[in-house]
1. Suppose each label sits 7 Å from its Cα in the direction of the beta carbon; what would the residue 43-residue 85 distance come out to in nanometres?
2. For every helix of n ≥ 4 consecutive DSSP H residues, a contribution of -39,500 (n - 2.57) applies; sum these over the chain, divide by its total residues, and give [θ] at 222 nm rounded to the nearest 500 deg cm²/dmol.
3. Note down the nm distance, to one decimal, between modelled labels 7 Å out along Cα→Cβ at residue 55 and at residue 98.
4. Report the relative contact order of segment 8-150, percent, no decimals, based on alpha-carbon pairs under 8 angstrom and at least 6 residues apart.
5. Would you mind computing Rg(Cα) / (2.2 N^0.38 Å) for the chain, counting N as its residues?
6. How many angstrom separate the Cα center of segment 29-47 from the Cα center of segment 127-150?
7. Assuming 0.36 nm per residue, please report the length gained on full extension of the stretch residue 67 to residue 118 beyond their Cα-Cα distance.
């Protein structure tokens, strides 16, 4: 079932499955976010809150040209590709035991993904996310963790 879902996602987001590789899939991200007061966040509701996506996932894909993409499934089972959504995915560091990616969605969001993985794609992810600007609707800064497996 998982391989069928991955194959469908690769086709849906324009990556030829023969030319792309699933690096890992991380589930149930949990952590904390600092919510900034604004139009949708009352002043007394601002501050640190427990946050996460218990039913969501992050799928990391490496294309043949060494470009990466992160496909996010949210708690409402909506799926979006970071690249298809207008984000730039950059490799900051890569080794046999880790991968660090930055996703920059101009005027809205910056995310740093730090994957610590074994050769089979199992390990953990910590992600830092800063949502800002008018397009973000809710401004917040988050630090979260998830367990990853291939």
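Here, each number is a calculation from the coordinates, and none is a lab measurement. Small disclaimer: the values here were computed from a predicted structure and weren't measured. Note that we place each Cβ from the backbone using ideal geometry, even for glycine, and neighbour counts take in every protein chain shown.
1. Those two pseudo-labels are separated by 3.2 nm.
2. Values: 1 runs with 11 residues, N = 150.
My calculation for the chain gives -2000 deg cm²/dmol from helical runs alone.
3. So the two model labels end up 3.4 nm from each other.
4. Once divided by the residue count of segment 8-150, the mean separation gives 24 percent.
5. On the way: Rg = 15.6 Å, N = 150, 2.2 N^0.38 = 14.8 Å.
For the chain, the normalised Cα radius of gyration comes out at 1.05.
6. Segment 29-47 and segment 127-150 have Cα centres spaced 12 Å from each other.
7. Values: separation 51, 0.36 × 51 = 18.36 nm, distance 2.01 nm.
Stretched out fully, the residue 67 to residue 118 stretch lengthens by 16.4 nm.
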